[in-house]
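Below is one structure, written out as structure tokens; the observations come after it.
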Amino acid sequence: MAILNQIKIINALKSVLPKEMERISLHEPSFIGNEWNYVKECIDTGWVSSVGKFVDRIEKQLVDYTGVKHAIAVVNGTAALHVSLILVGVEKNDEVLVPSLTFIATANAVSYCGAIPHFVDSDESTLGLAPHKLGAYLKEIAEVRNGSCFNKKTGRRIKAVVPMHTFGHPVDMDPLVEICNQYKIEIVEDAAESLGSYYKGKHTGHLGKISALSFNGNKIVTTGGGGAILTNDDALGKLAKHLTTTAKVPHQWAYSHDQIGFNYRMPNINAALGCAQLESLPGYILNKRKLAENYRKAFANIEGIRFFTEPTFAKSNYWLNVLLLDKKFVGERESLLEATNKSGIMTRPVWTLMHELEIYKSCPKMDDLSSAKNIAECLINIPSSPGLFRSND
Ligand SMILES: *Cc1c(COP(=O)(O)O)cnc(C)c1O
């Protein structure tokens, strides 16, 4: 029986990573630009909270960087998803299609709307939602009536789907868009992990009606905590701003609110940090792509494990790098995680599949979630911080 060569794997990791570091974490932020200047400016001027110029500025930077028409800065990525789902019309008792292989926030945002996540399989070549499989599944379980899609089994409306660009690798969006047009399903992209990733030359977040970014501390750029809503739809962009700022009717002094809105606006001090981070983003991406290339080379000839590379149609940000064990070595993952962490190299398994969590196990799901299961069993995340690549290595 073949045995996984742990020493070879650890040496391959070490050959790529900086030698002088004793412990290497999975992903830590890098503050190499104007972060301190901008944050200090907030404190010096007193503009730390819900008013100040950095919120407008980060929104403009996001529009310029992604090419999406409207960006609305909010308190975190989960809030961005929540409001995006509301804005495409998700209501109580609707179903929303969500990959089972995702971070909990994707499913939770659906629950916050009183809607029900409906779990679908992933594609092993993208790590994201599998469009063709979804198409075949909808053919079996769904019907379109009066311009809406219904689940024939549960009777509930299927209002939206949330493709998530796993670890920065884009979902194959073109076939998904086609299926969703056919079935009258709205697309909300969970682009929390894919700032700086492109699908067929377009930044992620262009192909859904609306999309969500996250600037949590472990993401490619951070605002401490934060997120953003992106949309090319003028009306939705306007509503997103309104709904995330307590639905206050603009007036010089009067407090009037025309809906039950949310206090989801990003504070100015967080935006300040983000403005500086976004200035560094192109450099981070260059470094991360070079780090990924080094990993690819280092793992090219190691038996039993491979480095996951971007899908052919994509240019990915390589937010978190991925190793995949061959199926026959799945049983050795725990011991590999233990050995790598022990040697100072932080590695992690992927999330527990959503349909296996107690809180979501009674939700509707595809019978065949085998690709999500394969990925979940075989995947290991390895150190990916933007500061890890050194051009003089
Ligand atoms: C980080 C993340 C989110 C949520 O972002 P927060 O800013 O932490 O709320 C949502 N979805 C995915 C896939 C994420 O990785």
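The values are calculated or read from the model by the stated rules, or taken from the named source; none is laboratory data. Since we're looking at a predicted model, the values are computed, not measured. Positions of Cβ are backbone-derived with ideal geometry, glycine not excepted, and every protein chain shown enters the neighbour counts. Accessible surface areas use protein heavy atoms only, side chains included; no ligands, DNA or RNA. Shrake-Rupley method; radii C 1.70, N 1.55, O 1.52, S 1.80 Å.
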*On the full set of protein chains, 1.4 Å probe, figure out the accessible area of residue 53 and give it in Å² to the nearest 10.*
110 Å²
_Pairwise label distance in nanometres, residue 337 with residue 377, each label 7 Å out on the Cα-Cβ vector_ = 1.5 nm
*If you project the alpha carbons of the stretch 236-365 onto the principal axes, what extent comes out on each, in Å, largest first?*
67, 44, 34
*Residue-wise HN-Hα coupling along the stretch 202-217, computed from phi with Karplus coefficients 6.51, -1.76, 1.60 (Hz; x: Gly, Pro)*: 9, 4, 4, x, 8, 9, x, 5, 7, 8, 10, 10, 10, 10, 4, x
*asked:* Could you sort the peptides 279-286, 95-102 by per-residue average Cβ neighbour count (10 Å cutoff), highest mean leading?
replied: 95-102, 279-286
*asked:* If packing is taken as the average count of other Cβ atoms within 10 Å, what order do 268-278, 157-167 fall into, highest mean first?
replied: 157-167, 268-278
*Classify the stretch 204-267 as rounded, prolate or oblate from the Cα gyration tensor: take a ≥ b ≥ c as the square roots of its eigenvalues, call it rounded if a/c is under 1.5, otherwise prolate when a/b beats b/c and oblate if not.*
oblate
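Give the Kirkwood hydrodynamic radius (Å, one decimal) of the chain, defined as one over the mean of 1/r across all pairs of different Cα atoms.
Averaging 1/r across every pair of different Cα atoms and inverting gives 21.8 Å.
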*asked:* Could you report the stretch 131-290's accessible area per residue, 1.4 Å probe, as an integer in Å²?
replied: 40 Å²
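Antiparallel DSSP bridges in the stretch 35-278: what percent, to the nearest 5? Don't skip to the answer; put the middle values down first.
Working: 20 of 34 bridges.
Once the DSSP bridges in the stretch 35-278 are tallied, antiparallel ones form about 60 percent.
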_Apply the a/c threshold of 1.5 to the C-alpha gyration tensor of the stretch 139-294 and tell me whether it is rounded, prolate or oblate._
oblate
*So, in nm, how far is label residue 263 from label residue 108 when the simple model puts each one 7 Å beyond its Cα toward the Cβ?*
1.9 nm
_Given Cβ point charges of +1 (Lys, Arg) and -1 (Asp, Glu) and nothing else, what value in debye, to the nearest 20, does the dipole of the stretch 35-278 about its Cα centre take?_
500 debye
_Dipole of the chain, positive end: most advanced residue of 180, 350, 232 [Cβ charges, Cα centre]_ = 232
*For the stretch 141-150, Karplus couplings with θ = phi - 60° (6.51, -1.76, 1.60), whole Hz, Gly/Pro x*: 10, 10, 9, 9, 10, 6, x, 10, 9, 10
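Go through 140, 59 and list them by solvent-accessible area, largest first, probe radius 1.4 Å. Could the numbers behind the result be given before it?
Values: 140 110, 59 20 Å².
The ranking, largest first, comes out as 140, 59.
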_About the Cα centre, and with charges only on the beta carbon of Lys, Arg (+1) and Asp, Glu (-1), how big is the dipole of the stretch 1-120? Nearest 20 debye, please._
340 debye
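For residue 328 and residue 26 in one chain, what is 0.36 nm times their gap in residues minus the Cα-Cα distance, to one decimal in nm?
Working: separation 302, 0.36 × 302 = 108.72 nm, distance 2.56 nm.
That pair, residue 328 and residue 26, stretches by 106.2 nm at full extension.
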_Reach of residue 209 by Cα under 12 Å, taken over aspartates and glutamates that are not fewer than 8 positions away in the same chain_ = 186, 189, 190, 233, 234
*Mind listing the long-range amide H neighbours of residue 160? Cut-off is under 5 Å, sequence gap 5 or more, other chains count too, H placed in the peptide plane at 1.01 Å from N.*
97, 186
*Which ³J(HN,Hα) values in Hz, rounded to whole numbers, follow from the phi angles of the stretch 365-370 under the Karplus curve 6.51 cos²θ - 1.76 cosθ + 1.60, where θ = phi - 60° and Gly and Pro get x?*
7, 5, 5, 9, 10, 5
*For the stretch 74-150, just say rounded, prolate or oblate: build the C-alpha gyration tensor, square-root its eigenvalues into a ≥ b ≥ c, call rounded for a/c under 1.5, and beyond that prolate if a/b exceeds b/c, oblate if not.*
oblate
*asked:* I need the peptides 26-37, 307-318, 343-354 ranked by packing, meaning the mean over residues of other C-beta atoms within 10 angstrom, with the highest value on top.
replied: 307-318, 343-354, 26-37
_Long pairs among 202/288; 92/219; 133/153, criterion Cα-Cα beyond 23 Å_ = 92/219
